[in-house]
Structures are given as C-alpha cells and as structure tokens.
Amino acid sequence: MFRIRQIFDNTNPIDDFAISQIQQILRVQIKGLKEKEINGLAKKLKNPFVYRFRYILFAADDNKGRINGFALVAHEPGLNFFFLDFLSAHQRLSGRGVGAALYERVRQEALAANAIGIFFECLPDDPKLSPDPKIQKQNIKRLHFYERFGARPLINTKYEMPVNPGEIDPPYLIYDNLGSDFQLSKSLARKVIKTILERKYGNLCPQKYIKMVIDSVKDNPVRMREYIYHKKQPLEINAIQIPEDKKIILIINDKHHIHHIRERGYVEAPVRIKSIAGEINKTGLFSNINPKRFSEKYLTLVHDPAYVQYLKKVCAFVETKNSIYPYVFPIRNAARPPKYLPVRAGYFCIDTFTPLNHNAYLAAKAAVDCALTGAEKILSGNRLVYVLVRPPSHHAEYKSFGGFCYLNSNAIAAQYLSQKGKICILDIDYHHGNGQQNIFYKRPDVFTISLHGHPRFAYPYFSGFEEETGEDAGKGYNKNYALPEKIDGAEYLEVLKKACKKIERFQPKFLIVALGLDTAKGDPTGTWHLKASDFFRNGKLIGGLKLPTLIIQEGGYNNRNLGINARNFFRGLWEGSFGEFTGKRNFKP
C-alpha cells in the first residue's frame, strides 16, 4: 500500500527525508542527469521566480516513509500549462501501479489549475530515430503507458529533430489534453514550445534551433498522432475533486460531550462542536480520522506534575453531576496547599467560574490526545490538521486552570513538535493566550503570539500586556497585540498581517493556530465585530504562510454563526495554502 502526497519543501523532516530518497532514485534511474540539478531539487520547490516555473513534487510513499516513486512537474501559470519533468517508480516496484497513480495525481493537479494540458518528452519509437532495439522497446512501453491516458506525440513539427546532427533518440513532445475537446492552436503551441525550449533547454538549444522548431508548427489546430498502442477509449480522468493529500485532517474529541455543565450562563457547551462540524463538513475540504490515545507523560512535559495529579484526583473525587467551583485563593501562603481537595481548587485556579467535575479531566485529556494525534499527522507529512475539541485549553498555565481550560493542548502539541524544529503558536482567540505565554516564556524555540482584547477589559485581566515579551533566553519570543474594545474586521486584519510578518521572520518549521471564533460579532464573551468574510480573509492570510499548520479549537460561543465563521475560516486557510479550487474547466485559447 502507498499514498501519494505533495511535497512543498524540505521544512518538515519527513519531507526532507523523502527528497533525499528521490534524489537517489534520480541518480540511479536518470542517466546523464547532472549532480547539480539533483541537489537543487529542494530549491526548485522554494524559488519559482528563479527557475521561471512553479515546481510541484508528488511522492508515493509507504507507512514507513519509504519512497515508492515520484513525479516532478513544472507549472507555467502565464500560458497555464504543465510540463512533466520526471515520473519514476522505484526499481523494486516497477509495474506495480505506482507510475499510473502518480500520473493520475498530476492530471488532477492540472485539472484543478484549469490548465490547457500536460506536456512532456518521450523518446521515440521510430526505428530511424531509435536504432537500438532494446532502447526502442523501452520507448514503446513508455509511449503505450501514456496512450492509455490519451497522451500522444504532436506531429508535423520538427521538435524531434536532433540539436546536433547524428544524435539518436531525440524526444517527441507529448501532449495530454486531460480528456477534453480542447484543441491546441498553432499560436498557443508555438508559445508553449518556445517556453519549454528557452527555459528548460536554453543552455543546450541555440536560438537558431529554437526558431526552426517554432516555425515548423504549421497546423492549426496542431495535430496529435493517431493511437497506435491503445486503440480503446482512453482512461477517463476522475471528476475534478480535492485530492486526499490536500484535504484538512479533521480530528474530533469523541469524549467532549461527557463534560457538560448544565448550569445557566455556562456557554462552553457540547453543541459548539456540532455547530462547527455540521458546517465545515459541507465544504468537502476535510478528511476525518479517529484520535489515538497517548501516555500521560506528555502532560507533565508542560504542566507541573503535582497539578496534573491533583486535577486527575479531584475530578475522580467529585460525584457525578456535581461540580466544584474555586472560592478560596492563596494570596498570602501559596506554599502550603490545604488538605481538603475542594478547597485546594483555588490553589491551582485563576478564576471562580471554571468548575471541576467528574469528567473534566477525562474530557481535557481526550482533547490532548486529539492534539497529539494532529501533531503526529503533521510530522507524517500532512499539511493542514484541525483539532475540533472541547474543553478549550489556551488559558491553562504550567500549574493552573481557568477560563474553561484544564490542560493546554496547544502547548503539549508544541512541545511534541519542538523535537523536530522551531514552533510558532498563533493565538487568535478574543482572550489572551496566557497559558502558552506562561509555559514557554523563557524559551526561544517556541514563539508565542496572541491577538486579544486588552487586559484592562478582557479576561484574564492580569496578563496579555504588550510589554510582556519573554524572559531570559525567551526574551523577544513572546508577542502580545492587546487590541481595543471595539474593532472591525479590516482593523483586525492589519494587526494579523503584522503578526504574520513576525512569523515569517522567525521561520518556524511548524505553526500551531489557537483558533478562537469568539472574535465574531455577537459572541457573548467578546466585543468585536468580525463577520464571515473577515474569517475567510484571516484564514487566507494564515494559509499564505505556507507552513505545516495544526489548528486547535479554542473559544467561540454564538452557535448561530459559529459554524458559518468556521467554514469561512477554513475555506480561506485552504485557499491561502493551496490556491483557489474552482472545480470547473474554463479554457482560454
């Protein structure tokens, strides 16, 4: 079994490992390819302006990260065509369907981009051009493979004329019109050929040769060779759809409903998850998976072990359907916690409205499991993962709970990912992300950013000031944007742009977004006026950072617009990450 996924760069260690394996396949299977070009593969993915093409790399790998094959394709967005540079299966898997699956994925990408088609080169099957029977046999096999998809050589041109007289096996230019009735005009064909020869082979093909090939295109529309090897109907391309490797992995806390406080005014209710899930699943952007279970050892990497043990113990102590609210706080003698568990709640809490009940720890631990499952999926190469959980987490500090939060899923996931590189946590909840700030305040490897209502009027009141920038080694790695009580979407977007610029300068390997939807107009816990269109723009801006991103749900309590705002945020996030997806074909000759 194998999966096919797009590799965007070598930021993620699993992608870096994949690229190194692909480079080795190139060395073994593509004879004559220069080492400089092989070593420049990662640069091609990152620098489209330098190479004058947008390079796209697809890899087929197994569950151990071993590469079974790859396809490297160049997209020219001006003329909007794709040029397939390489498509190769690993030697151990030749003939196992890897190549066909990779080419189908390339076709899907070209369809999604509304491209006029895919061009590539194949060595000739004409004995006059390919005199070695063994090589000619290989050429026939390759041409037969592509004919199955309807891709055939362009004829009546001099593209296959050797640059230097006497050279053998000059390539045909193959064209795949992606199963459409689109016909390639003479004018467009000349532009495509000129672009290919100048940009890809400019160091090999003199201008005189390039002009000769371009001038040889006479037919209008340009003709393709008749079928020779596959005279049946070509394989139909699948309906235009979002490929699995570009879907957002969705992980829902399957234990969230056990934590249900039925008291009037308690807005952190199970219906929040249903409101969001019902709307986002309409988009077709998501692929649901079940969470895994993780050891409690991950909790104590970011939380005080004594606090974790207390939380677990006191929740087990509380009778079902009852709740304990902190009401005594140790201002003067915090060193000596009382023996009685309910009274001790104030020793670990920052407010009087976050209850402890029989299931609070269990629900919070399940949310952490979802976040760690999401972090694991990011490390396995998924680009976007959404952890839809409750209770929320971003107010939980090293040794305290509050603001409906008990265990800090953002911080625990960040700690997990930090073993592979620098992390940024971007908190866009209405309230300050005091939990992450507290936990990572002295660390330079986790950059914490929070956009929130100013603490002079917004919870948690005693943190979130702009002068709080970190301590010791962490100095400069905490950034707070404390915003006015009244703000609209346009004003918010300008601040978010500043935050994103700081993220770009920090250059993290992974991004964690603490997603609060309580910034919306009408939220009972906020005062801002963001609308659905604002959430789309915010998501698109964040997606434009092009980072492997784990999104963890925090606040948002107006169930009338909660799902709609979430749906718009993720549409924007997806579009910012991958580009607009229309699901239509509108060719422009």
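Before moving on, here are some points about what is shown:
- Filtered residues of the stretch 21-66 (kept if of a type in the set (D, E) and under 19 Å from the mean Cα position of the chain (by Cα)): D61
- Y172 vs. criteria farther than 12 Å from G117 by Cβ, in the same structural domain as F53 (by TED's automatic domain parsing) and buried (at least 17 other Cβ atoms within 10 Å of the Cβ): yes
- Subset of the stretch 450-504 (residues that are touching a Ser or Thr at 6+ places or on another chain (Cβ under 7 Å), at positive phi and surrounded by fewer than 15 Cβ atoms within 10 Å (Cβ to Cβ)): G476
- Subset of the stretch 20-57 that is among the β-branched types (V, I, T) and buried (at least 19 other Cβ atoms within 10 Å of the Cβ) - its residue that is modelled with the lowest pLDDT: I25
- Listing of strands (runs of 3 or more DSSP E) fully contained in the stretch 1-110 that carry 3 or more residues being more than 22 Å from Y201 (Cα to Cα): 3-7, 54-61, 67-76
- Qualifying helices (runs of 4 or more DSSP H) (wholly inside the stretch 127-232; at least 1 residues being among the acidic types (D, E) and more than 24 Å from L87 (Cβ to Cβ)): 207-215
- Residue count for the stretch 422-449, restricted to those that are surrounded by 24 or more Cβ atoms within 10 Å (Cβ to Cβ), of a type in the set (S, T, Y) and without any contact (Cβ under 8 Å) to a residue 40 or more places away in the chain: 1
- Residue-level check: of (1) touching a Leu at 6+ places or on another chain (Cβ under 9 Å); (2) modelled with pLDDT under 95, L84 misses just (2).
- Among residues of the stretch 327-359, those that are crowded, with 16+ Cβ neighbours inside 10 Å and modelled with pLDDT under 80, counted: 7
- Filtering the stretch 399-413 for residues that are part of a helix (DSSP H, G or I), out of contact with any Phe, Trp or Tyr (no Cβ under 7 Å at 6 or more places or on another chain), without any contact (Cβ under 8 Å) to a residue 12 or more places away in the chain and under 17 Å from T300 (Cβ atoms) leaves an empty set.
- Meets criteria (part of a helix (DSSP H, G or I), modelled with pLDDT under 95 and at negative phi) for K274: yes
The values are calculated or read from the model by the stated rules, or taken from the named source; none is laboratory data. On a predicted model such as this, the values are computed, not experimentally measured, just so you know. All Cβ positions, glycine included, derive from the backbone under ideal geometry; neighbour counts span all protein chains shown.
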